[in-house]
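Asker: Sharing a structure, written as structure tokens. Questions coming.
The values are calculated or read from the model by the stated rules, or taken from the named source; none is laboratory data. For clarity, every value in this text was computed on a predicted model and none was experimentally measured. Cβ placement follows ideal geometry from the backbone for every residue including glycine, while neighbour counts extend to all protein chains displayed.
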Amino acid sequence: CFPYIFRGALDSGATTITGGTLVAANVNALNSTGLVSTGTVTGANTLRLATDTSVTAFPFSVSSSSFPGTIISDRETTGPGITHALGSFFMGANTCNVEAGGNVSSGTAALAFPSLVLSSGGAGIATLNPTSGTVLVNGPVNIGGGNFAKTLVLGGSSTGNTISGVISNGINVLTLTKSGVSTWSLAGANTHTGPTSITGGTLNLANQNALATTAVTMNGGALAFDQSVSGIAFAL
């Protein structure tokens, strides 16, 4: 089916994508107060951000479902990739794919979030899967909804993905898994107590307390350290 394109400015209410592709072609196409979410009705759901400057920040949710959600960091015209700075990211037991759009001719196409909350459903796995796009979480990561233990999988195939904030348990135990062939950096003094597993790609430690409170298991992949980091102690 054809994508639905928003070229105007939406000033109230929430937006739900239950199938196909919604294109935001105006920086204010999706208002800054309503939650934008991918639904669970008809299949894979895609949001394409097609503006030449960052869209106005809005909270985003990928609910628990067997169907993944996809965000495309794109431009309206051909040019270098930009960073779309969004609002808080709420994620259920699902997969969120992050891609660069077809109008990105060079550089990095990224999405930046001030926080990541594992928020819906029971015990489950939330997977961040950046392929041609990059994910930047600039604030805290924790379990904030549904009193169940959850696993956050840092997957994908792109480089430059970073969690700068503190990863903590929140209301239950959070487990971390690094998979795929991507590179993810952990820059916070993390406090989550669930185990950390590395099965593929590279997990880069940019803070000497990034894994201070968790046991680490390696079944593939690589563990790397920033030059500025020293004196790291963790159970391997």
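Asker: Residues of segment 126-138 being more than 16 Å from Ser168 (Cα to Cα) and either modelled with pLDDT under 95 or of a type in the set (Ser, Thr, Tyr) (or both), which ones? Spell out the reasoning first.
Answerer: To start, the set of residues in segment 126-138 that are more than 16 Å from Ser168 (Cα to Cα) comprises 127-136.
If the condition is that a residue be more than 16 Å from Ser168 (Cα to Cα) and either modelled with pLDDT under 95 or of a type in the set (Ser, Thr, Tyr) (or both), then Thr127, Thr131, Ser132, Thr134 are the ones that fit.
Asker: Against the definition (over 22 Å from Lys178 (Cα atoms), buried (at least 21 other Cβ atoms within 10 Å of the Cβ) and either in contact (Cβ under 8 Å) with a residue 40 or more places away in the chain or in contact with a Pro (Cβ under 7 Å, 6 or more places away or on another chain) (or both)), how does Phe60 come out, yes or no?
Answerer: Values: over 22 Å from Lys178 (Cα atoms): yes; buried (at least 21 other Cβ atoms within 10 Å of the Cβ): yes; either in contact (Cβ under 8 Å) with a residue 40 or more places away in the chain or in contact with a Pro (Cβ under 7 Å, 6 or more places away or on another chain) (or both): yes.
It is true that Phe60 is over 22 Å from Lys178 (Cα atoms), buried (at least 21 other Cβ atoms within 10 Å of the Cβ) and either in contact (Cβ under 8 Å) with a residue 40 or more places away in the chain or in contact with a Pro (Cβ under 7 Å, 6 or more places away or on another chain) (or both).
Asker: Among the listed residues Ser164, Ser132, Ser158, which satisfies the condition of being in contact (Cβ under 8 Å) with a residue 24 or more places away in the chain, within 15 Å of the chain's Cα centre (by Cα) and crowded, with 22+ Cβ neighbours inside 10 Å?
Answerer: Of Ser164, Ser132, Ser158, the one residue that is in contact (Cβ under 8 Å) with a residue 24 or more places away in the chain, within 15 Å of the chain's Cα centre (by Cα) and crowded, with 22+ Cβ neighbours inside 10 Å is Ser158.
Asker: In this structure, is Gly165 over 15 Å from Gly69 (Cβ atoms), in the same structural domain as Leu211 (by TED's automatic domain parsing) and small (Gly, Ala, Ser)?
Answerer: Numbers: over 15 Å from Gly69 (Cβ atoms): yes; in the same structural domain as Leu211 (by TED's automatic domain parsing): yes; small (Gly, Ala, Ser): yes.
When the stated conditions are applied, Gly165 passes them.
Asker: Pairs please, first residue from segment 204-218 and in the same structural domain as Asn169 (by TED's automatic domain parsing), second anywhere and of a type in the set (Asp, Glu), Cβ atoms under 9 Å, 6+ apart in sequence or on different chains.
Answerer: If the second residue must be of a type in the set (Asp, Glu), the pairs left are Asn204/Asp226; Leu205/Asp226; Ala206/Asp226; Asn207/Asp226.
Asker: Then there's this: Restricting attention to segment 88-102, does a residue exist that is over 27 Å from Gly180 (Cα atoms), part of a loop (DSSP other than H, G, I, E, B) and at pLDDT 65 or above? First the steps, then the outcome.
Answerer: First pass over segment 88-102, keeping only residues over 27 Å from Gly180 (Cα atoms): none.
Among the residues of segment 88-102, not one is over 27 Å from Gly180 (Cα atoms), part of a loop (DSSP other than H, G, I, E, B) and at pLDDT 65 or above, which makes the answer no.
Asker: Something else about it: Looking at segment 139-168, which of its residues are modelled with pLDDT of 95 or more, polar (S, T, N, Q) and out of contact with any strand residue (DSSP E or B) (no Cβ under 6 Å at 6 or more places or on another chain)?
Answerer: If the condition is that a residue be modelled with pLDDT of 95 or more, polar (S, T, N, Q) and out of contact with any strand residue (DSSP E or B) (no Cβ under 6 Å at 6 or more places or on another chain), then Ser157, Ser164 are the ones that fit.
Asker: While we're here: If you check Gly92 against the conditions, is it more than 11 Å from the chain's Cα centre (by Cα), crowded, with 19+ Cβ neighbours inside 10 Å and in the same structural domain as Ser185 (by TED's automatic domain parsing)? Spell out the reasoning first.
Answerer: Numbers: more than 11 Å from the chain's Cα centre (by Cα): yes; crowded, with 19+ Cβ neighbours inside 10 Å: yes; in the same structural domain as Ser185 (by TED's automatic domain parsing): no.
It is false that Gly92 is more than 11 Å from the chain's Cα centre (by Cα), crowded, with 19+ Cβ neighbours inside 10 Å and in the same structural domain as Ser185 (by TED's automatic domain parsing).
Asker: Name the residues in segment 135-154 that are small (Gly, Ala, Ser), farther than 17 Å from Thr191 by Cα and in contact (Cβ under 8 Å) with a residue 40 or more places away in the chain, would you?
Answerer: First, pick out the residues of segment 135-154 that are small (Gly, Ala, Ser): 139, 144-146, 149.
Filter once more, keeping what is farther than 17 Å from Thr191 by Cα: 145-146.
Once the filter is applied, which keeps residues that are small (Gly, Ala, Ser), farther than 17 Å from Thr191 by Cα and in contact (Cβ under 8 Å) with a residue 40 or more places away in the chain, segment 135-154 yields only Gly145.
Asker: Just give me the residues in segment 135-155 being surrounded by fewer than 21 Cβ atoms within 10 Å (Cβ to Cβ), within 14 Å of the chain's Cα centre (by Cα) and either assigned by TED's automatic domain parsing to the domain that holds His192 or hydrophobic (A, V, I, L, M, F, W, C) (or both), in sequence order. Spell out the reasoning first.
Answerer: Kept after step one, since they are surrounded by fewer than 21 Cβ atoms within 10 Å (Cβ to Cβ), are these residues of segment 135-155: 136, 138-140, 144-149, 151, 153.
Next, only the ones that are within 14 Å of the chain's Cα centre (by Cα) stay: 136, 138-140, 151, 153.
Within segment 135-155, Leu136, Thr151, Val153 meet the criteria.
Asker: Still on this structure, please answer the following. Name every residue in segment 103-119 that is surrounded by fewer than 21 Cβ atoms within 10 Å (Cβ to Cβ) and not in a strand (DSSP E or B), in order of residue number.
Answerer: Asn103, Gly107, Thr108, Pro114, Ser115
Asker: For segment 173-198, name all the residues that are closer than 23 Å to Pro114 by Cα and among the hydrophobic types (A, V, I, L, M, F, W, C).
Answerer: Selection gives Val173, Leu174, Leu176, Trp184, Leu186, Ala187, Ala189.
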